[in-house]
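Enquirer: Okay, here's the structure, questions in a sec.
Every number in this text was worked out from the coordinates using simple rules, so none of it is lab data. Values in this document were obtained by computation on a predicted structure and should not be read as measured data. No Cβ is skipped: glycine too gets one built from the backbone with ideal geometry, and neighbour counts run over all protein chains shown.
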Amino acid sequence: MSKEPKSFLTSTGITIKVHGIPQMLLDKIQSSVDRPEPPKYKIVTASGEEIWEPHTLDTLETDEDKKIYNDYLKQLAAVDAIVNERMFRVIAMKGVEVEMPDDNAWVEMQKFLGVRIPDDPLELKYLYVQTEVIGNTDDIMEITELVMQETGVSEEALAEARKSFPGGVQKKPKSPGNGRSRKRQVVE
């Protein structure tokens, strides 16, 4: 027997249902982009054996080492950005259940604003979730956390993930404008 999905009221006033995502799908997304190899430096042991170890900030000695390591960090950041975008895509498309409007008023407004409207129905739903359902970073954090809870991710892993959000997103975000805390809009 499956449990009823949680409902969440976004800052745009749209109620969504939140579902867990298969863990294997999340794993596949995490491994979908090749991560760069860290630059290495050579250690010569007392016996003369050469061992190559990955650089850390503490092992950078020359300007060339620092440049290579900084290039590596930039490559790593680019990979992380791709993975994060894919994770958001899977959360929005598999973790969020939302009724698309029957009329096309939102599409007409998007066109008026100069937004490219995709022909693909999945891309159209993704655009709707991005631009009409999710109103701010608080929504992104809350939805991500709820989806991960429904997926079965531990509280420790959720706490670690919270640290990765820009600005150290708070567990109970403030509502825009009034300075008061916004309570999580979840219906069990």
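Enquirer: Using alpha-carbon pairs under 8 Å, 6+ residues apart, how would you state the relative contact order of the chain in percent?
Expert: Averaging sequence separation for qualifying contacts and normalising by length gives 32 percent for the chain.
Enquirer: Out of the range 30-132, which trypsin sites (Lys or Arg not before Pro) are coil in DSSP terms and have no more than 16 other C-beta atoms within 10 Å?
Expert: Hits after loop and neighbour filter: Arg116.
Enquirer: Roughly what % of Cα-Cα distances in the range 6-187 sit above 25 Å, to the whole percent? Intermediate values should be presented prior to the final figure.
Expert: On the way: 8344 of 16471 pairs.
Every Cα pair in the range 6-187 considered, those over 25 Å come to 51 percent.
Enquirer: Something else: Step by step: find N for the range 61-164, compute 2.2 N^0.38 Å, then divide the Cα radius of gyration by it. What's the final number?
Expert: It is 1.43.
Enquirer: Just want the ordering: Phe88, Phe8, from fewest to most Cβ atoms lying within 10 Å of their own Cβ. Each step should come with its number before you reach the end.
Expert: Working: Phe88 18, Phe8 21.
With the fewest neighbours first, Phe88, Phe8 line up as Phe88, Phe8.
Enquirer: May I ask you to compute the full-extension gain from Asp102 to Asn84, defined as 0.36 nm times their residue separation minus their alpha-carbon distance, rounded to one decimal in nm?
Expert: Value of the extension gain: 3.4 nm.
Enquirer: Taking only DSSP H segments of four or more residues, each worth -39500 (n - 2.57), what value at 222 nm results for the chain once the sum is divided by all its residues, to the nearest 500 deg cm²/dmol? Please list the in-between numbers first.
Expert: Details: 6 runs with 76 residues, N = 188.
Calculated mean residue ellipticity at 222 nm is -12500 deg cm²/dmol.
Enquirer: Still on this structure, please answer the following. Within the range 92-169, which GluC sites (Glu not before Pro) sit in a loop by DSSP and count at most 14 neighbouring Cβ atoms inside 10 Å?
Expert: For GluC sites (Glu not before Pro) across the range 92-169 that sit outside H, G, I, E and B with at most 14 neighbouring Cβ atoms in 10 Å, the list reads Glu99.
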